[in-house]
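Enquirer: Questions regarding the structure given below will be posed in turn.
The values are calculated or read from the model by the stated rules, or taken from the named source; none is laboratory data. Owing to the predicted nature of the structure, the values given are computational and were not obtained by experimental measurement. Cβ placement follows ideal geometry from the backbone for every residue including glycine, while neighbour counts extend to all protein chains displayed. With ligands, DNA and RNA removed, areas are computed over all heavy atoms of the protein, side chains included. Shrake-Rupley method; radii C 1.70, N 1.55, O 1.52, S 1.80 Å.
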Amino acid sequence: MLTGKLIFSQIMDYLPLHMFRRIVQRYDGNRKVHQFSCLDQFLCMAFAQLTYRESLRDIEACLRSQQGKLYHMGIRAQVSRNTLANANKVRDWRIYADIAQHLIQIARNLYIDDEFDLDLQNTAYALDSTTIDLCLAMFPWANFRKSKGAIKLHTLLDLRGNIPTFIHISDGKLHDVNVLDILPIEAGSFYVMDRGYVDFRRLHVFSQRAAFFVIRAKSNLQCDRIFSHQVDRTTGLICDQSVVLTGYYQSKNYPEKLRRVKYKDPESQKTYVFLTNNFVLPALTITELYRYRWQVELFFKWIKQNLRIKRFYGNSANAVKTQIWIAISTFLIVAIMKKELKINASLYTILQILSVNIFERNPLLQIVGNYSYENEVRSNTNQLSFFD
């Protein structure tokens, strides 16, 4: 006799169904739907993420082979690749974007007390984007270059817990700096960016909203020094200055003073120049804060390797966005589960274990809770090290 819940169902228990139904109702997602509901669609796509399915035919074959367990997985309808393809094509992707945003808030609350090596009480974010290449002939809406298609994933990562708090999906042509126009800005928070986001008119908005930015300066920066602060050159710091911009458009767009920190990395021997509107933090902390921007690069690398967001089950913009948002939601559900159950293994390890135990009926903690993480190699390229 079969007893206990399927591993898949135990994972999906961390998806708040009351919230899910409310969001579906907001967008009228189940309008004219007789069998294959938005929840069925979400569960099928989440299953595909957790088990690394490569195509709709792959999803259909695997789920139909476990026909007797679909009801216990929460899937109430017959799974067909045509039905799933149509659902991905026509059902509003914003349903799954809102679900992901709700899961983000849950995850952030769980990871808010995670250790942060820097002595910083403020919330710190890293902003960057990654490009996902697409075939222009199959995805004609994803404009990028003359003979190449792509989409961009613009992400704001909370450095305490490394949870994505803002994600915007655009075609490949959208310049990174334009995302600053729609970025949610919190007073008192730090936003760490590379020099691709240098736009002094947009950066001035951060100061107007009492938020702070740390950004690399471009080589053509024109400024005058107002005051030089004392620095310890043995740490790699070269100078810590208060400056005003002197370029015509630069000074017009950012009329206030800025802080310019120049630093030479002792390991790589590269010299970096940072700009910030914060005059309180130690100069060395500013340089260390920028170093943590690399976490968003690791996040992009990790999701590309461990989530199904490089090969898509549909060619329409709606299908692509739906798949990405459900992938992000699945990632967040597992991250929430990891924290709630106090599992020591990394997210990479958890996903690998779950992928081969998805139809088992053992308790989740029995499957992954007793795994010893002590011998895992942190430099493993497939592993998101900060979720260990």
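Enquirer: Quick one: longest stretch of the chain between exposed loop GluC sites (Glu not before Pro), exposed meaning at most 13 other C-beta atoms within 10 Å and loop per DSSP?
Expert: 116-255
Enquirer: Taking 8 Å as the Cα distance limit and 6 or more residues as the minimum spacing, I'd like the relative contact order of region 215-348 as a percentage.
Expert: This gives 15 percent for region 215-348.
Enquirer: Return the distance in nm (one decimal) between the two label points of a simple spin-label model at LEU110 and GLN208, each offset 7 Å from Cα along Cα→Cβ.
Expert: 3.8 nm
Enquirer: Which FRET efficiency value, to the nearest 0.05, do you get for GLU186 and ARG64 by plugging their Cβ-Cβ distance into 1/(1 + (r/R0)^6) with R0 = 45 Å?
Expert: Plugging the Cβ-Cβ distance into 1/(1 + (r/R0)^6) gives 0.45.
Enquirer: Compute the long axis of helix 81-90 from its Cα atoms, compare it with the longest principal axis of the Cα atoms of the chain, and write down the angle in degrees, 0 to 90, nearest 10.
Expert: So the inclination is approximately 40 degrees.
Enquirer: Quick one: 3J(HN,Hα) in Hz for region 342-356, Karplus 6.51/-1.76/1.60 with θ = phi - 60°, rounded, Gly and Pro as x.
Expert: 6, 7, 7, 5, 6, 4, 4, 5, 4, 5, 5, 5, 5, 4, 9
Enquirer: Another question, if that's okay. Within region 113-191, report the trypsin sites (Lys or Arg not before Pro) that DSSP leaves as loop and that have at most 16 other Cβ atoms within 10 Å.
Expert: Hits after loop and neighbour filter: LYS146, LYS173.
Enquirer: Expressed as an acute angle from 0 to 90° and rounded to the nearest 10, what is the orientation of the C-alpha long axis of helix 38-51 relative to the principal long axis of the chain?
Expert: Approximately 70 degrees, to the nearest ten.
Enquirer: Just one of [x] 43, 24, 17; [y] 32, 28, 19; [z] 35, 21, 19 is semi-axes √(5λ) of the Cα gyration tensor in Å as worked out from the coordinates here. Which one is it?
Expert: Read-out from the structure maps to [x].
Enquirer: Round to the nearest 0.05 the FRET efficiency obtained for SER251 and LYS304 when R0 = 25 Å and r is the Cβ-Cβ distance.
Expert: Result of the calculation: an efficiency of 0.05.
Enquirer: To continue, here is another question. Can you order the peptides 202-213, 15-26 by their average number of other Cβ atoms within 10 Å per residue, highest first?
Expert: 202-213, 15-26
Enquirer: Can you pull the one-decimal nm distance between simple spin-label points at HIS72 and MET138, each 7 Å off the Cα toward Cβ?
Expert: 3.6 nm
Enquirer: Roughly how tilted is helix 17-26, in degrees to the nearest 10 and between 0 and 90, from the longest Cα axis of the chain?
Expert: 80 degrees
Enquirer: How high is the relative contact order of the chain? Use alpha-carbon pairs under 8 Å, at least six apart in sequence, and give a whole percent.
Expert: In percent, rounded to a whole number, it is 21.
Enquirer: Of the peptides 299-307, 329-337, how do they stack up when ordered by the mean number of other Cβ atoms within 10 Å, highest first?
Expert: For the peptides 299-307, 329-337, the packing ranking is 329-337, 299-307.
Enquirer: First obtain the Kirkwood hydrodynamic radius of region 1-149 from its Cα pairs, then insert it into the Stokes-Einstein equation at 4 °C and 1.567 mPa s, and state the resulting D in µm² per second as a whole number.
Expert: D, rounded to a whole number, is 71 µm²/s.
Enquirer: Using r as the Cβ-Cβ distance of ARG311 and ASN86, and R0 as 25 Å, what FRET efficiency do you calculate, to the nearest 0.05?
Expert: 0.85
Enquirer: Work out Dmax and Rg for region 88-184 from the C-alpha atoms and quote the Rg first, both in angstrom.
Expert: When restricted to the Cα atoms of region 88-184, Rg and Dmax are 16.2, 50 Å.
Enquirer: Quote the Stokes-Einstein diffusion coefficient, in whole µm² s⁻¹, for region 176-284, based on the Kirkwood radius over alpha carbon pairs, a temperature of 10 °C and a viscosity of 1.306 mPa s.
Expert: Estimated diffusion coefficient is 110 µm²/s.
Enquirer: Additional query: Rounded to the nearest 500, what is the 222 nm mean residue ellipticity of the chain from helices alone, with -39500 (n - 2.57) per DSSP H run of 4+ residues and division by all residues?
Expert: After summing the helix terms and dividing by residue count, I get -11000 deg cm²/dmol.
Enquirer: Any chance you could list P(r) for region 262-332, counting all Cα-Cα pairs in 5 angstrom bins from zero, rounded to whole %?
Expert: With a bin width of 5 Å, the distribution comes to 3, 12, 17, 14, 11, 8, 10, 13, 8, 3.
Enquirer: Still on this model: Quick one: go through region 146-172 and flag any residue whose amide nitrogen is under 18 Å from the point 7 Å out along the Cα-to-Cβ line of THR131.
Expert: Residues 146-155, 168-172 fall inside that zone.
Enquirer: With viscosity set to 0.692 mPa s and temperature to 37 °C, compute the Stokes-Einstein D of region 212-371, Rh being the Kirkwood radius across alpha carbon pairs; µm²/s, no decimals.
Expert: 165 µm²/s
Enquirer: With a 1.4 Å probe and every protein chain kept in, tell me what percent of the accessible surface of the chain is carbon plus sulfur.
Expert: 47 percent
Enquirer: Given a 1.4 angstrom probe, what's the average accessible area per residue across the chain, in square angstrom?
Expert: For the chain, the solvent-accessible area averages 48 Å² per residue.
Enquirer: How far apart, in nm, are the 7 Å Cα→Cβ label points at ASP265 and GLU54?
Expert: Here the modelled spin labels are 3.7 nm apart.
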